[in-house]
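Notes for the one structure printed next.
The values are calculated or read from the model by the stated rules, or taken from the named source; none is laboratory data. Note that the structure is a prediction, hence the values are computed from the model and not measured. We place every Cβ from the backbone using ideal geometry, glycine too, and count neighbours over all the protein chains shown. SASA here: full protein model, heavy atoms, side chains in, ligands and nucleic acids out. Shrake-Rupley method; radii C 1.70, N 1.55, O 1.52, S 1.80 Å.
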Amino acid sequence: MAGKSGRTIEATPQDVWKKRIFSWEGMLVVLFLFINIFCRCLSPNYTVTNVLREMPKYLSEIFLLLPMAYILMLGEIDISVGSTVCLAATVACMATNAGVPFVGVIFITILTGTVCGMVNGFILLKFPELPSMIVTLGTQIVFRGIAEIMLGSGGSVSVTNTAGFRALSGEIGPFPYVFFLVLICGAVFVVLSIKTTFGRSLYAIGSNSRTSFYSGIKVGKIRFLVFTLMGTFAGLAALFLTSELYGANTTTGNGFEMDAIAMAVFGGISTAGGKGKMVGGLISAFIIVCLRIGLGQINMNPQVVLIILGALLICAVLIPNISASLGLKKKKVK
Amino acid sequence: MSEYVLELKGITKIFPGVKALNRVQFQLKPGEVHALMGENGAGKSTFIKVITGVHKAEEGEMFLNGAKVDFKGPRDAQAAGIAAVYQHPTSYPDLTVTENIFMNHEIKKRGLIQWKEMNQEARKLLDQLDADFKPTAEMGALSVAQQQMVEIAKALSTHAKIVILDEPTAALTANESEKLYRIVDKLRDDGVSIIFISHRFEDMYRLATRVTVFRDSQYIGTYKVDEITNAELIKQMVGREITDLFPKPDVTVGAEVLKVENLSRTGYYKNVSLHVRAGEIVGLTGLVGAGRTEVVESVCGLTKANSGKVYLNGNEIRVKNPTDAKNLGIVLLPEDRQKAGLILEWGLGRNVTLPILKKFVKNGMINENEERNLSKRLLEEVDTKAVTIFDPASSLSGGNQQKVVVAKALAQDNMKVVIMDEPTKGVDVGAKAEIYAIMGELAKQGFAIIMISSEMPEILGMSDRIYVMCNGSVTGELKRGEATQEKILEYAMEKNANEKSAVKKEGVN
C-alpha cells in the first residue's frame, strides 16, 4: 500500500529462552528449588513422601488460585470465594448426612459453588460500572450468612458417613488423587491463558477493556464466565476440603480468598489486570505450600509462619516495582 | 531592560541514551506571541519543561530579562512569572473552578482559606477572559475549551509574565479556537509574552509574529511569520518537501454500501440520514458536541439508537454490539486511539490481530507464527515506523499509532465500511500526509469511508461529499466542488442562538 519506504519490521521473537530464564517465573523456579533445599536442611522429615502426604490439606486453595488468577488478569477481584467454599462445604456435609449418594453430593457441591459464582458474574454483567471488590464483599457476607443459617445454632456440622470423602482422599502410590487433579487443572489453565483466544481476551480486557470492547471482544460475557468458573472451582475446593476435615463450620474457608490472591500476586499476576502468567501463580502456590509444610514440620508457631508469608509477599510485589521504576527512568525520553 | 524577556542559549538535555535537546536556542520578545513548531518528538515538550523548571538542562544558559536564572524546580519558574498551560488540562474534575485556579496558592489568612475572596478573585479572572461559567462550577462539568480557560485563568492568577500554551487548540472546534485567539490577543495587549505550541498552521498565522522550528532535537531557525511560506515552513519542520498534503485520488464511486435512515438517539442526535458509497470518502463535520461521534457509535453498536434504520449493501442490519459490527465489516477507528483503539502496553502485532484472533485458531489454539506473519505484513503495508512487531504501541508517535489502528482495521478482511473519527488528531504534519495517502489508497481499493473531522483543511481536502451536523441533526450536505469553509461553518452553527434545539443540551457534551 503506502509502503514507499520499503521499511521492514522484525517479526521473529529474539532470545526467547534467555527472556524466559530471566523472567519473574524463572526466578520463582529457582526460589522453589531453594525453598525445598532449605526445608530439607531444616527438617529431616521433609521427604517427598511426607510432603505429598501433607499436601492435600493445602491443595484445595490451589483450586481457588487458578480461576482467581484469571479474575486478577481481568483487572477484577473476587473476595467472596472463602464464603462460597464455606457454603458449598456445608451443603456437601448436609447432603451426605441426608443420605444423598456420593455422586449426587459431588454434583450438588459443585453446583452450589457455580451458582454463587454466577450470582457474582450476573451482578457484574448487569451493572458493569460496579467495582467487583464491593460486589463480592457483599456476596461474601451473604453467602456466609446463608451457610450460618443452614448450620444453625451449633455452628458446625460433621459428616456421619465418611466413606465417599475417604475415597476421594485416596492415593496412587505416594500421590494423592487431588495432586493429579491440581496438576491437570493447572496445565489446562496455563494452556488456556497463553494459547487460546479466550486467554488473549483475558489479557486484553485486563489491559484495556474499552479497546477490547471496541475490537468486538465480548467483555461482559467473558467476565461472567470467569466469575462463574471461580464459583465452580470454589465448589471443587469445598469438596476436597471436606474430604480432609469431614465437616464444616462457620469459619470454614475463612481467608481463603486472600490466600488465593496472595499466591497469584506472589506469582507475578498484578491486581491491576493484564499482567503476569498463570505458570507463575502455580509455582508460587507450590512455593507457599512447601514452605508451610516445612515450617510446620519444625513446629514453628503458625502465627510466625503467617508473618513470614506476609513479608515474603510484600517483597514479591516490591521487587518488580523497584525494577520497573528503574526501567522507567531509563526509558523516560521525550 | 534587555531586548528579550526570555532567552535560552545552547540548551542540551540528555535522557539516558538519547539527546532530547541538542544545543537549542530561543528568544522571546516582550509582548510577542511566539509559535514553537516541529514534529512530534522534535523536543518541543522537553524544551517547555526546561523553561518551566520541570527538567534541568545539562548544558546551556537561561536569561530572564537579561539576568541569568537557574531554576531548581517548577516553583522557581512560577515565582519568576512563568506559567504553562498543558495540552491536556491537568485539572481536578471533582473540584470547583475556583479550587482549580488557586490550587497550591490558595488565598489564606491565619492558615484558613478565604473562600469569598478566592471566588471573587476567580470571578475577576474569568471575566477578564469572557468566560461564560461560574467560579463555583464543577470542573468536570465544563467542556474542554472551558477547562482550558480555567487553566489560563490559573496562569494569570500567578501573575505570570510569560505564558506557555502547549497545543491549546488541539481539542477545540473552530469557534472555540477563535475565542481562544481573542484571549491570547488580549493577554498580549496586556503585556504578557506568549509561547504557543501547535500543529495547526491556522493558529500560527492567526496569532504569532515569529515562529521557531525544532527538528530532531535541534534548533532549525526562527522566522517572521509573514515572511515564510507554508511550504517552506513544512520543509523546515519535516526536513523534506511534501508536495501534496491531500493526495485525493480520483476514484470511480461505486454502489451505495452503508445507508443510515432517520436514526435517532434521545439526547444525542435526531433523524440523521446519510449514506456512503464504495470508494467514496464522506466527511462528517460540525462543532464538537454536534453528535457526529455519537451517530457512528450507534452505527457500530457501541450505543443503541432509539429509532431509525441502517442498511448495508441494501439490506437492513441490526447492530446490537461491536461484535455484530465487526462481523458485518463495519470498522471504527476511534477518536481516542490510545484509550479505545490500542492496548498501549501491548506489542504492535498483537494489537493488529486483536479483532481477528479466531482466524489463527487451529485445534483450539492460536497459531502464533501465522499471527506474527500477518501483523508484520500489515504493519509494513501501512509503513509503520517500528523496529519489531513486539514494540509496545506506547513507544510510537501519534501518527504511527494511527497507522497501527489502520493496520488493525485492514486485518479484518471482511471490512466494507471504514469510519475514521478524527484520524489526524495529535498527528504531526509529516505523518498526516501519510495517513491521507493511506485513506486515499483505501478509497481506491473500494472501501466506503466516513471521516469525522473538525479540521477544515482535511475535510475540504479529502472528502468527496460532506455532511455537516449541528446540535444532533444533519444541517447540510455539500459536494466536493461546492464546499467552502464559509458554507460549512454556516451549516455548523446554530442559525438562531436563542432557538431551543431539538436535542437536550446536557446530553450533547
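Miscellaneous remarks
- Whole-Å semi-axes of the protein assembly as shown's equivalent ellipsoid (Cα gyration tensor): 55, 33, 28
- Pairwise inverse Cα distances across region B:308-361, averaged and inverted, put the Kirkwood hydrodynamic radius at 13.1 Å.
- Cα shape, region A:1-93, gyration tensor, a/c 1.5 rule: oblate
- If R0 is 25 Å, the Cβ-Cβ spacing of B:GLU202 and B:ARG480 corresponds to a FRET efficiency of close to 0.75.
- P(r) tail fraction, chain B - alpha-carbon pairs more than 31 Å apart, %: 51
- With a 1.4 angstrom probe, the accessible area lost at the B-A interface totals about 3900 Å².
- When its C-alpha radius of gyration is set against 2.2 N^0.38 Å (N residues), region B:342-413 gives a value of 1.02.
- Using C-alpha pairs below 8 Å separated by at least 6 residues, the relative contact order for region A:53-317 is 38 percent.
- Chain B, relative contact order [Cα under 8 Å, separation at least 6], %: 15
- Size of charge dipole - region B:56-140 - debye, nearest 20, with Cβ of Lys, Arg +1 and Asp, Glu -1, no other charges: 440
- From largest to smallest, the equivalent ellipsoid semi-axes obtained for region A:273-324 from the alpha-carbon gyration tensor read 25, 14, 7 Å.
- Under 18 Å from B:LYS9, Cα to Cα: aspartates and glutamates that are on another chain or at least 8 residues apart: B:GLU58, B:GLU59, B:GLU61, B:ASP70, B:ASP216
- Accessible carbon and sulfur surface of region A:53-317 relative to its total accessible area, %, 1.4 Å: 70
- On the principal axes of its alpha carbon atoms, region A:53-317 extends 54, 40, 32 Å, with the longest extent given first.
- Taking the convex hull of Cα positions in region B:6-238, its mean projected area over all directions (nm²): 13.2
- For region B:377-454, projected area of the alpha-carbon convex hull averaged over all directions, nm²: 5.1
- Whole-Å distance, taken between Cα centres, linking region B:145-195 and region B:396-415: 34
- Working from the Cα coordinates of region A:36-188, the gyration tensor eigenvalues give, after taking √(5λ), semi-axes of 30, 23, 14 Å in decreasing order.
- Rolling a 1.4 angstrom probe over chain B with all protein chains present gives an accessible area of which 47% lies on carbon and sulfur atoms.
- Loop-resident sites, region B:22-111, for trypsin sites (Lys or Arg not before Pro), counting at most 13 other Cβ within 10 Å (DSSP): B:LYS56, B:LYS72, B:ARG110
- Of the residues A:GLY138, B:ALA122, A:PHE189, the one whose Cα sits farthest toward the positive end of the charge dipole of the protein assembly as shown, with +1 on the Cβ of Lys and Arg and -1 on the Cβ of Asp and Glu, is A:PHE189.
- Residue-averaged [θ]222 nm for chain B, counting only DSSP H segments that reach four residues, each worth -39500 (n - 2.57): -9000 deg cm²/dmol
- Sorted peptide list for A:29-42, B:386-399, A:173-186, criterion being average Cβ within 10 angstrom, highest first: B:386-399, A:173-186, A:29-42
- A simple charge model with +1 on the Cβ of Lys and Arg, -1 on the Cβ of Asp and Glu and nothing else charged puts the dipole of the protein assembly as shown at about 1340 debye relative to its Cα centre.
- Across region B:1-84, C-alpha contacts under 8 Å between residues 6 or more apart give a mean separation that, scaled by the residue count, equals a relative contact order of 35 percent.
- Between helix A:219-245 and chain A: long-axis angle, C-alpha atoms, 0 to 90°, nearest 10: 40
- Alpha-carbon centroids, region A:102-117 and region A:148-194: separation in whole Å: 12
- Full extension of the chain segment joining A:VAL30 with A:MET150 gains 38.6 nm, where the gain is 0.36 nm per residue of separation less the Cα-Cα distance.
- Charge dipole of the protein assembly as shown about the Cα centre (unit charges at C-beta), most positive-ward option of A:GLN297, A:PRO128, B:VAL184: A:GLN297
- Rough spin-label spacing in nm, given labels placed 7 Å along Cα→Cβ, for B:PHE246 and A:ILE184: 6.6
- Think of it as helices only: each DSSP H run of n ≥ 4 in chain A is worth -39500 (n - 2.57), and spread over all residues that comes to -24000 deg cm²/dmol at 222 nm.
- Computed over protein heavy atoms with a 1.4 Å probe, the accessible surface of the protein assembly as shown works out to 44 Å² per residue.
- Beta bridges by DSSP in the protein assembly as shown, antiparallel share as percent, to the nearest 5: 60
- Given A:LYS195/B:LYS362; B:LYS248/B:LYS432; B:LYS19/B:LYS235; B:LYS13/B:LYS224; B:LYS44/B:LYS425; B:LYS326/B:LYS444, the pairs whose alpha carbons are separated by over 20 Å: B:LYS19/B:LYS235; B:LYS13/B:LYS224; B:LYS326/B:LYS444
- Charge dipole (debye, nearest 20) of region A:30-137; +1 at Cβ of Lys and Arg, -1 at Cβ of Asp and Glu: 300
- Compared with the dominant Cα axis of chain A, that is its longest principal axis, helix A:278-297 is turned about 40°.
- Ranking B:ASN351, B:PRO423, A:PHE34 by Cα position along the charge dipole of the protein assembly as shown, where only Lys, Arg, Asp and Glu carry charges on their C-beta atoms, puts A:PHE34 farthest toward the positive end.
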